[in-house]
Amino acid sequence: MLVAALSVAGGLIPAYPDWLTGIAGWAACALLWPRLSGAQARVVLALLVAGLAGIAWGMASGGAGLIERALAQNIPLIGMLIAVFFLRLISTGPSASGEPLSTGRMALLRTLLGVHLFGSVINFSAVAIFADRFSARAKLTLEQAMGLSQAFMTGALWSPFFGAMAVTLTVAPEASLGRLMAVGIPLAALGIALTWTTLSSERYGHAREFAGYPIRLEALWVPAALAVGVLLVHELERRWSVLVIITLLAPVLTVATLLVREGNRTGASLLRLIRLRLPEMSGELSLFLAAGALSAGMAGVIAALGLGVPFDRFGGFEASLVFLGVTAFAWLGFHPVILISVVGPWLAPLEPDATLLAMTFLMTWGTGLVACPMANTLVAIHARYAVPFRELVRRNRTFSFAMSAAALAVLNAYAFFALPPRL
């Protein structure tokens, strides 16, 4: 909670030292370390050791400010994710638990839209809500896992409440949120249409046996209210970053809703969330902190070796190369948060168009993470519902490949129309 509060202070007070919040974050990470799985702990330690080695090398070569950078790198992202976690108290599910599951192509479409819209605000909680309902009476099928994971992860293409947007705006703070959403929403819609078409095909029995989640439209008020609130406040207070606005609004909306629903029981609900459920973020907290250390370490290595950027500008062609490189590494198991934290600062000397750079990173997350063996969503689905992991990743790669082709076309179209021509 202290990390979330101090991240807001860092966004509103110009002279605030963000590294202080980083210390609080690492203290929380140490306290929550026993909650990490063995695989998570090994990844975090590997990132941290590599980052510290790079920092030491950079400092030995005359680099300055690397430790402070390591502590502060992903703090706005972590603060936002903590704040968004509170929305779970008021987004308990889009339908009554006793309502029967429908089947068929329209049930599939409603499921994809539902997990996408709810996931765009409450993140993986939406996937868990849907999957728990599916698996209450029968084992979660591979087709259901494909639909949930693909529809959910495409939210990274546009949602300001995703970790993808938070990481991206950390390395490209001048990017236009309106343009990112205007481009990302149609691409996400294409992804949902692709998943629906695939799972409705003859190969999957035209979705006749697909048990879908019944959605009530009135349950969508939370995503809608928060999205409108963020855009409105951002328009009125241009000095405030999107991450700070979300970190402020998410708990405020949660508390206000709980006061109406529960009255004097609001405090007890909040305490239960903080004490019992908030520690579930141990994996994300440790990963993003370690990725920040690695980013600082890579910056030190790049400075020590004098490695320059192999481009003289950042246009559509260069954005395509970066997209393909980051996506390929994601397929190999490198989480995009690590790659973005390293590549973003490396490209900074080019003074790239912030919106194009942000768009590139969002697309690598939204299309590449769905086929990344390190994706928390895929790992959680496998561990919690016993879905075959390798087969899920393999089938998602077909989706990722098709969406990557669409993303490349969009990137180059945006660069052609929005950027000044090459001289």
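The values are calculated or read from the model by the stated rules, or taken from the named source; none is laboratory data. Quick caveat: nothing in here was measured; it's all calculated off a predicted structure. Cβ placement follows ideal geometry from the backbone for every residue including glycine, while neighbour counts extend to all protein chains displayed.
Listed values, structure above:
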| read-out | value |
| --- | --- |
| Residues satisfying the stated conditions in the stretch 123-141, i.e. within 23 Å of the chain's Cα centre (by Cα) and in contact (Cβ under 8 Å) with a residue 60 or more places away in the chain | PHE124, VAL127, ALA128, PHE130, ALA131 |
| Flag if TRP331 is part of a helix (DSSP H, G or I), touching a Lys or Arg at 6+ places or on another chain (Cβ under 8 Å), of a type outside the set (D, E, K, R) and buried (at least 16 other Cβ atoms within 10 Å of the Cβ) | yes |
| In the stretch 1-17, residue modelled with the lowest pLDDT [restricted to those that are part of a helix (DSSP H, G or I) and surrounded by fewer than 19 Cβ atoms within 10 Å (Cβ to Cβ)] | LEU12 |
| Which numbered condition LEU52 misses (of (1) of a type outside the set (Val, Ile, Thr); (2) touching a residue at least 60 places away in the same chain (Cβ under 8 Å); (3) not in a helix (DSSP H, G or I)) | (3) |
| Filter result (farther than 20 Å from PHE162 by Cβ, among the hydrophobic types (A, V, I, L, M, F, W, C) and at pLDDT below 75) within the stretch 105-137 | ALA136 |
| Pair list, Cβ under 6 Å, 6 or more apart: the stretch 27-42 residue at pLDDT 90 or above, other residue hydrophobic (A, V, I, L, M, F, W, C) and surrounded by 13 or more Cβ atoms within 10 Å (Cβ to Cβ) | CYS29/LEU285; CYS29/LEU289 |
| Meets criteria (part of a helix (DSSP H, G or I), in contact (Cβ under 8 Å) with a residue 24 or more places away in the chain and under 20 Å from LEU190 (Cα atoms)) for ALA380 | no |
| Tally, over the stretch 299-325, of residues that are assigned to a helix (DSSP H, G or I), over 19 Å from TYR414 (Cα atoms) and out of contact with any Pro (no Cβ under 6 Å at 6 or more places or on another chain) | 7 |
| Elements of type helices (runs of 4 or more DSSP H) contained in the stretch 188-293, each with 2 or more residues being under 20 Å from the mean Cα position of the chain (by Cα) | 221-236, 242-262 |
| ALA291 under 30 Å from ARG397 (Cβ atoms), surrounded by 13 or more Cβ atoms within 10 Å (Cβ to Cβ), touching a residue at least 60 places away in the same chain (Cβ under 8 Å) and in contact with a His (Cβ under 9 Å, 6 or more places away or on another chain) | yes |
| Search result, residues across the stretch 130-169 that are more than 28 Å from ARG179 (Cβ to Cβ) and surrounded by 24 or more Cβ atoms within 10 Å (Cβ to Cβ) | PHE130, GLN144, ALA145, GLY147, LEU148 |
| Pairs where the first residue, in the stretch 328-349, is closer than 16 Å to ALA164 by Cα and the second is modelled with pLDDT of 85 or more and aromatic (Phe, Trp, Tyr), C-beta under 6 Å, 6+ apart | PRO336/TRP365; LEU339/PHE329; ILE340/PHE361 |
